[in-house]
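**Student:** Just passing along the structure, written as C-alpha cells.
The values are calculated or read from the model by the stated rules, or taken from the named source; none is laboratory data. Bear in mind the structure is a predicted one, so any value in this text is a computation, not a measurement. When we count neighbours, we look across all protein chains shown, and the Cβ atoms used for this are built from the backbone with ideal geometry, even at glycine. Just the protein is used for accessible areas: all its heavy atoms, side chains included, with ligands, DNA and RNA removed. Shrake-Rupley method; radii C 1.70, N 1.55, O 1.52, S 1.80 Å.
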Amino acid sequence: MTEETKPFEPVIIGFTCNWCSYRAADMAGTARMKYAPNIRLIRLMCSGRLDPTFVLKAFVGGADAVMISGCHPGDCHYVEQNYKALRRFHLLKRVLVQMGIEPGRLKLMWASAAEGAFFAAEINKFVEEVRALGPLNWSQPGEQVSTPIMEEVHA
Amino acid sequence: MSKPKFAMYWAASCGGCEIAVLNIHEKILDVDANFDVVFWPVAMDAKYKDVEAMEDGSILLTLFNGGIRNDENEHIAHLLRKKSKILVAFGSCACEGCIPGLANFSSITELVDTAFSTITTDNPENIRPQSSYAMPEGIITIPTLNPVLKTLGQVVDVDYYMPGCPPESHQIAAVIDLVIQVLQGKAELPPKGTTIGAGNSTVCDECKRTRNVKTIKEFRRIQFTHTDPELCLLEQGIPCNGVATRSGCDARCPTVGAQCIGCYGPAEGVVDYGARLISAFASVIDSNKPEEIDKILDGLVDPAGQFYRFNLAGSLLRSSKSAQKG
Amino acid sequence: MQRITIDPITRLEGHGKIEIFLNEQGNVTNTYFQIPELRGFERFCVGRPVEEMPLLTNRICGVCPEAHHMAAAKAADAVYHVEVPRTGKMLRELLYSAFYCTDHTTHFYALGGPDFIMGPDAPVAERNILGVIHKVGLEIGGKVIQMRKYGHTVVEIIGGRKVHPCTSIPGGLTKGITEEQRKEIEMMGRWAIEFAQFSLQVFNDIVLGNKTYLDLIVGDVYTHKTYYMGLVDEKNKVNFYDGKVRVVGPDGKEYVKYEPKDYAAHIAEHVEPWTYLKFPYLKNVGWKGFVDGPDSGVYMATPLSRLNAADGMATPLAQAEYEKFYNTLGGKPVHQRLAIHWARLIELLYAAERWVELATDPEITSPDFHAIPTATPTEGVGIVEAPRGTLTHHYWTDERGVVTKVNLIVGTTNNYAPITMSIKKAADSLIKKGNVNEGLLNMVEMAFRAYDPCFGCATHSLPGQMPLEVTIRDAEGNPVNVLKQFCE
C-alpha cells in the first residue's frame with residue numbers, strides 16, 4: 001500500500017479515571033473484548049484531575065481527538081469531582097470550536113468499572129466518528145505536524 | 001571607561017511600553033547615567049545599519065517590545081539577539097502576543113481583506129498591498145506579513161520576560177534599579193528565563209475586594225449591572241481573569257470596578273493560561289446538570305477571547321485552524 | 001537615478017519609511033511615504049463583546065489610548081442606544097482634557113519644539129529635548145515632567161491606569177470620583193493653565209520673535225491649501241470629546257457639517273498598492289491624487305484644522321490666543337503647516353481651561369455616572385478628536401452585543417495624503433542639484449513632524465540640584481556634546 005491509499009488512522013488520547021473507567025478498560029482487556037488500538041489511555045486518579053491543558057497538549061502533540069471518561073454522576077470516588085470534569089468539558093468544547101477544532105473531536109463519557117463492553121463499544125464508535133472527520137493536523141504555518149504519537153500507532 | 005550599551009526596540013506594538021518607560025520620570029536619569037543608549041528609534045536617530053555595524057554581544061541590555069508580525073520584525077529580532085548580551089521580552093506583546101495576537105483567530109488573508117474592503121474603502125480593483133511594487137522611478141518595498149503573529153521567544157532565545165500591557169512603571173523602575181546594582185557588583189542576575197518585574201502570585205492576592213466561596217448561577221456583563229465595590233467581581237458574575245493572571249500590577253483594574261482582563265499574563269507555573277481559566281471558571285459554576293450548565297455558559301459570549309485575550313499567540317494552540325490554513 | 005531612503009523614520013510613534021527619487025540633474029522627481037505595518041484590528045475585534053472595545057482599541061496606540069478609549073465608549077453607547085448621564089460624560093471629558101495637556105506638551109517640547117528652539121539645521125545631537133533645556137533652562141524640563149505627571153495622574157484617577165484606561169463602559173463608567181480626588185484634579189488643572197500660558201510665551205519669544213522661524217512658518221515650502229476637519233459643539237466652538245464634524249474648504253467657508261452617524265456618506269479611503277495604510281478623502285469632492293485645492297478631496301485633521309473649522313474656542317484665555325493667532329497670520333483659514341505647532345499650544349490652553357471648568361462643576365462628584373443599557377444593541381458610531389485628528393469608530397453587533405463588523409478611521413490616517421504631499425513639497429523645494437545633507441533631510445522631516453504623527457522623545461526630569469551629566473552622540477556613536485549640571 002502506498003502512503004496515499006493507507007486509510008487514515010486517528011490517534012486518540014483517552015483520559016480515564018482510576019476508579020471507574022480505567023477499570024472498565026481493564027475489564028475489557030482481560031475479557032479479550034476488542035477495541036480499536038487507536039486510543040492511548042492515560043490514567044488519572046479522577047476525571048476531576050483533568051486539566052484542560054492536557055487536552056490542548058494532546059492536540060498540539062498530534063492527537064486527532066481526545067476522550068475523557070469518569071464515574072457516573074453521583075458515583076465519583078471523590079464524591080463530586082466528576083461534575084467539575086463535566087463543567088470543564090462543556091466550557092472547553094466551546095473554546096475549541098472557536099479555535100476551529102470540531103466538537104466531535106472531544107468526547108466525555110461515564111463508564112463504571114463493570115461496563116467493559118460498553119467502554120469498548122464506545123471507543124470503537126468514537127474512532128469511526130473521528131475517522132470521518134479526518135486528521136486534525138494541528139501545526140503552525142511553516143512547521144511540521146507533530147508525529148511522535150502517530151508513529152507509535154503505526155509501529 | 002565607556003558605559004554599557006542599552007537599546008530599546010518596538011516591533012508590532014502600540015508605543016505604550018515606551019510611554020511606560022518614560023513614566024518612570026526621574027529614574028530615566030539613572031538610565032542615562034549608567035548606560036549608553038545606542039538604538040531607540042522612538043527617541044533617537046540611530047538606524048538599522050548602525051546596529052548591524054556593532055560587534056556581536058556588544059549591547060549589554062536590549063528591551064524588545066512588540067510582537068513579531070512581519071519579516072522586518074523577525075529580522076530585527078535576530079539582529080538584536082546577535083548584538084545583545086541580555087535580551088528581554090518587554091511587555092505582553094513580546095512575551096505572549098498580547099492584543100495583536102488576536103489576529104491569530106483569522107488567516108492573514110482575512111485580516112488584509114477586511115482592512116481593504118471596509119464600507120469606506122474605495123477599492124474597485126480590489127487592490128492589496130504588495131511587498132514589492134514597481135513605480136516609474138524604481139521598485140519600492142514594504143515588509144511581508146507573516147501568516148501568524150509570533151512572540152519574541154518563538155523566534156529567538158530570550159533571557160528574561162517582563163509582562164504587562166504595559167509593564168507598570170514602578171516595576172520598570174525596580175528592574176532598572178536591579179540592573180544597576182548588578183553592574184555595581186551588588187546583586188546577581190536571576191536565572192535565565194525568569195519572569196522579572198512582576199510577582200509570583202495572582203492578581204487576586206493584590207486585590208482588596210472581599211472574597212467568599214464562589215457559586216455562580218449567571219455570568220454578567222459589566223454594563224448591565226452596578227457592581228458592589230467591595231465584593232469580588234467574579235463572585236458577582238463578572239468574568240474577571242485575576243484568578244490566573246500574574247500579580248505585579250496592584251490589581252488596578254478591579255480597584256476601579258473593571259474586571260481584570262489578564263494583561264500581566266499567566267501566573268507562575270501556568271503552562272496554558274486559557275486552560276487554567278477554563279478550569280477555574282468551570283469549577284465555580286453552580287450547577288451539575290448539563291442543560292443548566294450550558295445556559296450559564298451562554299452568558300460568556302466569547303470564551304476563547306475571554307480566556308486568550310492577551311495570550312493567544314503564546315498559548316499551546318497558538319492560532320486557530322483558519323489562521324493555519326493561510 | 002539616485003535614491004534616498006529614510007528607514008526607519010525616527011522620533012515618532014509607529015513605523016514609516018520615505019523614498020526620495022532624484023533625476024540626473026539631482027532634482028526630486030517623486031517621493032513616496034510608505035507605512036510598513038498592519039495589525040488587523042478591524043478583523044480581530046470581530047467576535048468580541050462590544051464592551052471590550054474601549055479596552056481592545058486602547059492597544060491601537062499606547063500614546064493616545066485615551067482617544068480610542070473614548071471613541072470606542074461612545075460607539076458602544078450608540079450601539080446600545082443608551083444616553084450617558086451628565087456626570088458620566090463630564091468625567092470622560094475631564095480625563096480627556098487632562099490627557100490632551102500631557103500629549104500636546106510631549107509633542108511640542110520633545111518633538112516639534114526642538115526644530116524651532118534649536119533651529120531646523122542645528123546639529124542632530126542638539127535637536128532634542130536636551131538641547132532645548134540647555135538653551136532655555138533646566139526649569140523647562142522640570143515643568144514638562146510635571147505636566148506629564150499631572151496629566152497621567154488624572155487619567156489614572158478617573159480611568160484606573162496611566163496607560164490603557166479601563167473605566168469606560170457602555171452607558172458611562174465603572175466609578176466616579178470623591179471630593180478629595182476632585183480637589184486634587186482641580187489643583188493640577190489650575191497649574192496646567194499656567195503651564196499652557198508659559199508655553200505660549202516660550203513660543204512667542206523664541207519662535208515668533210525670530211524672523212528666520214517666522215519666515216519658515218509663513219513661507220511656501222510647508223503650505224498646502226486643503227479642506228480642514230474638526231469636531232465642533234453647538235456653538236461651532238472646538239470640542240475634543242463631542243459634537244458634530246465640520247469641514248471647511250480652502251477658502252474657510254463651511255463645506256459640510258455632519259453627525260457622527262453619517263460619516264460614511266462623506267468620507268472614503270483611497271488605496272495604493274505600495275503601502276498598508278489607506279488615504280481618506282472627501283467622497284463628494286472626489287479623489288484627484290496627491291494635490292490640494294477645492295477640487296481635490298484631500299483634507300487635513302490636526303490642531304490647525306480644528307481651529308480653521310471652528311468659529312472660536314469655548315474658553316476665554318484660549319479664545320484670546322485664537323484671535324491673536326489669526327490676526328498675526330493674516331486671517332482664516334491658515335494653510336501653513338508649521339503653524340500647527342502654534343495651534344497645538346492654543347489647544348493646550350483650552351484643554352487646561354476645560355479641565356478646570358469640568359473639575360469645578362458641582363455635579364462632577366455625583367454618583368450618577370452610569371446608565372444601564374436596556375435596548376437591543378445594533379450599530380453605532382463614536383467620533384472624538386484625537387490630538388492628531390478626527391477619530392472615528394464604527395461597530396456593528398448582533399443582538400447579544402457581540403461585534404460583527406468594525407470600521408476605523410484613525411487620527412493620523414486622515415492626514416496620510418496631506419503628510420505625503422508635505423514631504424514631497426519640502427523635498428522638491430529643498431533638494432536641488434543633488435545637494436543633500438543631514439540638515440536638509442531634517443527639514444524634509446519637519447514637514448512630517450508638524451502633524452505630530454504620534455510620539456516624541458524621552459523627556460527628562462531635572463529635579464533642582466541633582467547632578468546631571470549627559471553625553472549626546474551622533475549617529476556614529478561619537479560624542480558630540482556633553483551637558484553637565486551641578487557636576488564637578
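**Student:** I need the semi-axes of the equivalent ellipsoid of segment C:224-335: take the C-alpha gyration tensor, multiply each eigenvalue by 5, square-root it, list largest first in whole angstrom.
**Tutor:** Details: eigenvalues 131, 53, 27 Å².
Equivalent ellipsoid of segment C:224-335: 26, 16, 12 Å, largest first.
**Student:** Moving to a separate point now. Could you work out [θ]222 nm for the protein assembly as shown from helices alone, using -39500 (n - 2.57) per DSSP H run of at least four and dividing by all its residues? Round to the nearest 500 deg cm²/dmol.
**Tutor:** On the way: 33 runs with 345 residues, N = 969.
It lands at -10500 deg cm²/dmol.
**Student:** With charges set only on the Cβ (+1 for Lys and Arg, -1 for Asp and Glu), what does the dipole of segment C:44-121 come to about its Cα centre, in debye to the nearest 20?
**Tutor:** 280
**Student:** Using only the Cα atoms of chain A, what semi-axes does the equivalent ellipsoid have when each is the square root of 5 times a gyration tensor eigenvalue? Give whole Å, largest first.
**Tutor:** Working: eigenvalues 135, 77, 28 Å².
Ellipsoid half-lengths, sorted descending, are 26, 20, 12 Å.
**Student:** Which shape class, rounded, prolate or oblate, goes with segment B:41-137 when its Cα gyration tensor gives a ≥ b ≥ c as root eigenvalues, a/c under 1.5 marks rounded, and past that a/b bigger than b/c marks prolate? Let's see the in-between values first.
**Tutor:** Details: a/c = 3.06, a/b = 1.67, b/c = 1.83.
Judged from the Cα gyration tensor, segment B:41-137 comes out oblate (a/c at least 1.5, b/c at or above a/b).
**Student:** Hey, got the average number of other protein chain Cβ atoms within 10 angstrom for residues in A:95-103? Let's see the in-between values first.
**Tutor:** Details: counts 13, 4, 2, 9, 14, 9, 3, 1, 0.
Average neighbour count from other chains, rounded to a whole number: 6.
**Student:** Let me ask something else. Would you report the distance distribution of C-alpha pairs in chain B as whole percents per 20 angstrom bin, up to the bin with the largest distance?
**Tutor:** Taking every Cα pair in chain B, the percentages come to 28, 52, 19, 1.
**Student:** Also, quick follow-up: Please report, to two decimal places, log10 I(q)/I(0) for segment C:1-99 at q = 0.12, 0.15, 0.17, 0.22 Å⁻¹ as given by the Debye formula with identical point scatterers on the Cα atoms and no solvent.
**Tutor:** -0.61, -0.76, -0.86, -1.13
**Student:** Next up: Starting from the Kirkwood radius over alpha-carbon pairs of segment C:269-428, derive D by Stokes-Einstein at 20 °C in a medium of 1.002 mPa s and give it in µm² s⁻¹.
**Tutor:** 115
**Student:** Whole number please: convex hull volume per residue of the Cα set in segment C:377-453, in Å³?
**Tutor:** On the way: hull volume 7.0 nm³, N = 77.
Enclosed volume per residue, from the Cα hull, is 91 Å³.
**Student:** What is the packing order of peptides B:177-190, C:301-314, C:33-46, taking the mean over residues of other C-beta atoms within 10 Å and listing the highest first?
**Tutor:** For the peptides B:177-190, C:301-314, C:33-46, the packing ranking is C:301-314, C:33-46, B:177-190.
**Student:** At a Förster radius of 45 Å, what calculated FRET efficiency corresponds to the Cβ-Cβ distance of B:Gln130 and B:Glu26, to the nearest 0.05?
**Tutor:** So, using R0 = 45 Å, E works out to roughly 0.45.
**Student:** To continue, here is another question. When a/c is below 1.5 the answer is rounded, else prolate if a/b is larger than b/c, else oblate, so apply that to segment C:178-285 with a ≥ b ≥ c taken from the square roots of the Cα gyration tensor eigenvalues.
**Tutor:** Values: a/c = 2.13, a/b = 1.24, b/c = 1.71.
Taking the square roots of the gyration eigenvalues as a ≥ b ≥ c, segment C:178-285 is oblate.
**Student:** With a 1.4 Å probe and all protein chains left in place, how much of the accessible area of the protein assembly as shown comes from carbon and sulfur atoms, in whole percent?
**Tutor:** Numbers: 17440 of 33700 Å².
Answer for the protein assembly as shown: carbon and sulfur cover 52 percent of the accessible area.
**Student:** Also: For segment C:224-335, what is the relative contact order in percent, using Cα pairs closer than 8 Å and at least 6 residues apart in sequence?
**Tutor:** 31
**Student:** Could you state the orientation-averaged shadow area of the convex hull built on the Cα atoms of segment A:35-113, in nm² to one decimal?
**Tutor:** 5.3
**Student:** While we're here: Nothing charged except the Cβ atoms of Lys and Arg (+1) and of Asp and Glu (-1): what's the magnitude of the dipole of segment B:203-321 about its Cα centre? Round to the nearest 20 debye.
**Tutor:** Values: 15 positive and 15 negative charges, 50 e Å.
Result for segment B:203-321 is approximately 240 debye, rounded to the nearest 20.
**Student:** May I pose another question? Express the accessible area of segment C:239-303 per residue in Å², computed with a 1.4 Å probe while the remaining protein chains stay in the model.
**Tutor:** Details: 2280 Å² over 65 residues.
Ligands and nucleic acids excluded, the figure is 35 Å² per residue.
**Student:** Take every DSSP beta bridge with both residues inside chain A and express the antiparallel ones as a percent of the total, to the nearest 5.
**Tutor:** Numbers: 1 of 17 bridges.
Around 5 percent antiparallel, to the nearest 5.
**Student:** Taking Cα pairs under 8 Å and at least six residues apart, what relative contact order does chain B come out at, in percent?
**Tutor:** After rounding, I find 19 percent.
**Student:** If packing is taken as the average number of other Cβ atoms within 10 Å across a peptide's residues, how do B:95-104, C:222-231 rank, most packed first?
**Tutor:** B:95-104, C:222-231
**Student:** Moving on. Report B:Arg276's accessible area, 1.4 Å probe, all protein chains in place, as a number in Å² to the nearest 10.
**Tutor:** Rounded to the nearest 10, the figure is 100 Å².
**Student:** Same structure again: Which whole-number percent gives the relative contact order of segment A:8-147, counting Cα pairs below 8 Å spaced six or more residues apart? Spell out each step's value before the answer.
**Tutor:** Working: 241 pairs, mean separation 50.7, N = 140.
Value for segment A:8-147: 36 percent.
**Student:** Cα extents of segment B:203-321 along the three principal axes, largest first, in whole Å?
**Tutor:** Here the spans come out as 37, 34, 24 Å, largest first.
**Student:** Here's a follow-up. With the cut-off at 26 Å, tell me which of the pairs B:Lys5/B:Lys186; C:Lys89/C:Lys149; B:Lys82/C:Lys162; C:Lys261/C:Lys424; B:Lys325/C:Lys74; B:Lys214/B:Lys295 have Cα atoms farther apart than that. Present the calculation step by step, with values, prior to reporting the outcome.
**Tutor:** On the way: B:Lys5/B:Lys186 19 Å; C:Lys89/C:Lys149 24 Å; B:Lys82/C:Lys162 34 Å; C:Lys261/C:Lys424 34 Å; B:Lys325/C:Lys74 36 Å; B:Lys214/B:Lys295 18 Å.
Where the Cα-Cα span goes over 26 Å, the pairs concerned are B:Lys82/C:Lys162; C:Lys261/C:Lys424; B:Lys325/C:Lys74.
**Student:** Over the Cα atoms of the protein assembly as shown, how large are the radius of gyration and the largest Cα-Cα distance (Dmax), in Å?
**Tutor:** Expressed in Å, the Cα Rg and Dmax of the protein assembly as shown come to 29.3, 101.
**Student:** If you count, for every residue in B:311-317, the Cβ atoms of partner chains within 10 Å of its Cβ, what is the mean? Please report the intermediate quantities before stating the final value.
**Tutor:** On the way: counts 0, 2, 0, 0, 4, 10, 11.
For peptide B:311-317, the averaged partner shielding equals 4.
**Student:** How crowded by other chains is B:281-290, given as the mean number of beta carbons from other chains within 10 Å of each beta carbon? Write down the numbers at each step before the final one.
**Tutor:** Numbers: counts 3, 11, 7, 2, 7, 1, 3, 8, 3, 6.
Neighbouring Cβ atoms belonging to other protein chains average 5 per residue here.
**Student:** Give me the Kirkwood hydrodynamic radius of chain C, using the inverse of the mean 1/r over all pairs of distinct Cα atoms, in Å to one decimal. If you can, show how the numbers build up before the last one.
**Tutor:** On the way: mean 1/r = 0.0434 Å⁻¹.
Kirkwood radius, chain C: 23.0 Å.
**Student:** Quick check: net charge around A:Phe119, other residues with Cβ under 10 Å of its Cβ, Lys/Arg +1 and Asp/Glu -1? Can you show the working numbers first?
**Tutor:** Working: positive: A:Arg23; negative: A:Asp26, A:Glu115, A:Glu122.
Result for the local shell: -2.
**Student:** Okay, moving on. Using alpha carbons only, what's the Rg to Rh ratio of segment B:204-252 with Rh from Kirkwood? Numbers along the way, then the final one.
**Tutor:** Details: Rg = 10.8 Å, Rh = 11.5 Å.
Radius of gyration relative to Kirkwood radius: 0.94.
**Student:** To the nearest 0.05, how large is the calculated FRET efficiency for C:Lys257 and C:Asn327 if R₀ is 22 Å and r is the Cβ-Cβ distance? All intermediate terms of the calculation are to be shown ahead of the outcome.
**Tutor:** Numbers: r = 26 Å, r/R0 = 1.16.
About 0.30, to the nearest 0.05.
**Student:** Moving on. Nearest 100 Å² is fine: what is the total accessible surface buried where chains A and B meet, probe 1.4 Å?
**Tutor:** Details: alone 8670 and 17120 Å², together 22820 Å².
Separately minus together, A and B give about 3000 Å² buried.
**Student:** Additional query: Using the charge dipole of the protein assembly as shown (Lys, Arg: +1 at Cβ; Asp, Glu: -1 at Cβ; taken about the Cα centre), state which of B:Tyr9, B:Gly66, C:Pro123 has its Cα farthest towards the positive end.
**Tutor:** Result: B:Gly66.
**Student:** Which distance in Å, rounded to a whole number, links the C-alpha centroids of segment B:27-82 and segment C:208-222?
**Tutor:** Cα centres, segment B:27-82 to segment C:208-222: 36 Å.
**Student:** Rounding to the nearest 20 debye, state how big the charge dipole of the protein assembly as shown is about its Cα centre with +1 on each Lys and Arg Cβ and -1 on each Asp and Glu Cβ.
**Tutor:** The dipole of the protein assembly as shown has a size of about 1040 debye.
**Student:** Obtain the radius of gyration and the Kirkwood radius of segment C:189-231 from its C-alpha atoms and give Rg over Rh.
**Tutor:** Numbers: Rg = 14.6 Å, Rh = 12.7 Å.
Checking Rg against Rh, the ratio lands at 1.15.
**Student:** Need the C-alpha centroid separation for segment B:220-287 versus segment C:261-290, integer Å.
**Tutor:** A separation of 42 Å, based on Cα centres.
**Student:** Of B:Ala280, C:Thr315, C:Ile267, whose Cα points farthest to the positive end of the dipole of the protein assembly as shown (charges on the beta-carbon: +1 Lys, Arg; -1 Asp, Glu; origin at the Cα centre)?
**Tutor:** Going by the Cα projections, it comes out as B:Ala280.
**Student:** Follow-up question, since we're still on this one. In what sequence, largest accessible area first, do B:Ser84, B:Ser132, B:Ser201 appear using a 1.4 Å probe?
**Tutor:** So, going from the largest accessible area down, we get B:Ser132, B:Ser201, B:Ser84.
**Student:** Kindly write out, for segment C:345-360 in residue order, the coupling ³J(HN,Hα) from the Karplus curve 6.51 cos²θ - 1.76 cosθ + 1.60 (θ = phi - 60°), rounded to whole Hz, with x marking Gly and Pro.
**Tutor:** Residue by residue, segment C:345-360 yields 6, 5, 5, 4, 5, 4, 4, 5, 5, 5, 3, 5, 4, 5, 5, 9 Hz.
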